[in-house]
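The values are calculated or read from the model by the stated rules, or taken from the named source; none is laboratory data. Keep in mind the model is a prediction, meaning the values are calculated, not measured. Cβ: placed from backbone, ideal geometry, glycine included. Neighbour counts: every protein chain shown.
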Amino acid sequence: MIQVLIFLLLQQAEKVSAAWSVTFENPDICALRGSSVEFRCSYSYPDEESVRQTAWDKGKIQNGILERVRLSDLPSYNGRFEYQGDHAHNCSLVLRDLQEDDTGYYFFWFDTDKFGRRSKKSVYLSVTGLEASIRSDRVRLGDSVTLDCRTECQNTKIIWFKDGRPVAEPTFQAQITDTGNYSCAFEGIESSQSSPVALDVWYPPLNVSVDVNCSDPLLVGSSVTLTCRGSARPAAITYTWWYSSDVSNSSTELPVGSGQVLSISSVELTHTGTYVCQAENRVGQSRSAQLLLTVEEMVHPLIVLGIGIKVIILLVLPPILIWVWKCRSRSDAKNEENTSNDYENVIFG
């Protein structure tokens, strides 16, 4: 009789045990420090029972024994957790502003009008930080760049941002526009990013050109200023000016100055020729295209006045001479007519 009773009790216990369960959608979660996380959870129980209370516990090691402590009894969780489940079958929980001390095991507990239940299984939460790094924070144009994001989380997809904008690939060939601040984040929680790390792309002087400031035309005795322009990182530290009097032969170039600005206070005819600026930084050097300066000889004002008078004379004198000639021709013709009339009626006897 006793054996039969024990058998019936065991059978009833198996039925009760099979009727209730707690299921965690993701029992192993890795989250970023400062972010929020949701433990998605569902539970079941016999239909004849009704749920009266629910709670979440955290497993804490005390005296070498894992004990379950209610989150509501832990001061560090005040205002940071919210039960989003119900008294039916949803037992989800949200934790906010995660701290590294939040790492650990979490258990669900519920109480019905007949029994108190607690989950045997748990959710393990690992809270970690993100550390962005670049294998070389200072690279040259065209070098290979690899972005590295260190975290204790496994099987999580990392995404990258440059100055707040998404980066397509963590490995690329350095371009000028790649200079900036990079940070990484977990996909899905992009709002929580690592501290930024800077990338500085160095390149030699590019688009080197010469600006010229002088009168037009450039006359003997006037001044001229040549300024070397270009883009470089780091900035150009050496400028060299080259001059050639032979426009068609650059091999005759001679150094005529240094510094970003070349000034000639009083130009001579011998300054006519081509000028080239060479800019150099720690990465390399580049040259500008040839700039041709043509110096013209200054003409004395009296000479200019004399030439002007001659031009005026040459322009005005011919019409005057023609007019005088025409007038004299008309006068001569008239005199001849009058003379012929005086002798018309003379009779010789």
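So is Tyr83 out of contact with any Lys or Arg (no Cβ under 6 Å at 6 or more places or on another chain), surrounded by 14 or more Cβ atoms within 10 Å (Cβ to Cβ), over 17 Å from Phe24 (Cβ atoms) and not aliphatic (A, V, I, L, M) or not? Lay out the reasoning, then the answer.
Values: out of contact with any Lys or Arg (no Cβ under 6 Å at 6 or more places or on another chain): yes; surrounded by 14 or more Cβ atoms within 10 Å (Cβ to Cβ): yes; over 17 Å from Phe24 (Cβ atoms): no; not aliphatic (A, V, I, L, M): yes.
Criteria not met by Tyr83.
Search segment 47-70 for residues being among the hydrophobic types (A, V, I, L, M, F, W, C), touching a residue at least 24 places away in the same chain (Cβ under 8 Å) and within 19 Å of Asp101 (Cβ to Cβ), and hand back the single one that is surrounded by the fewest Cβ atoms within 10 Å (Cβ to Cβ). Steps first, answer last, please.
From segment 47-70, those among the hydrophobic types (A, V, I, L, M, F, W, C) are 51, 55-56, 61, 65-66, 69; that's our starting set.
Next, from what is left, pick out any that are touching a residue at least 24 places away in the same chain (Cβ under 8 Å): 51, 55-56, 66.
After this cut, where a residue has to be within 19 Å of Asp101 (Cβ to Cβ) as well, the list is 56, 66.
Working: Trp56: 23, Leu66: 11.
Taking the candidates together, the pick is Leu66.
If I ask for residues that are part of a strand (DSSP E or B) and surrounded by 14 or more Cβ atoms within 10 Å (Cβ to Cβ), which ones from segment 149-171 would you list?
Step one: list which residues in segment 149-171 are part of a strand (DSSP E or B), which gives 149-150, 158-162, 165-167, 171.
Those that are part of a strand (DSSP E or B) and surrounded by 14 or more Cβ atoms within 10 Å (Cβ to Cβ): Cys149, Ile158, Ile159, Trp160, Phe161, Lys162, Val167.
Say we look at segment 71-119 and pick out the residues that are touching a residue at least 24 places away in the same chain (Cβ under 8 Å), under 46 Å from the mean Cα position of the chain (by Cα) and part of a strand (DSSP E or B); which of these is farthest from Ala55 (Cα to Cα)?
So the residue we want is Gly104.
Quick one: in segment 277-334, which of the residues that are among the basic types (Lys, Arg) and over 30 Å from Leu219 (Cβ atoms) is modelled with the lowest pLDDT? Give the derivation first.
Filtering segment 277-334 down to residues among the basic types (Lys, Arg) leaves 282, 287, 310, 326, 328, 330, 334.
Keeping just the survivors that are over 30 Å from Leu219 (Cβ atoms) gives 282, 326, 328, 330, 334.
Numbers: Arg282: 94, Lys326: 73, Arg328: 71, Arg330: 68, Lys334: 60.
Looking at residues that are among the basic types (Lys, Arg) and over 30 Å from Leu219 (Cβ atoms), I get Lys334.
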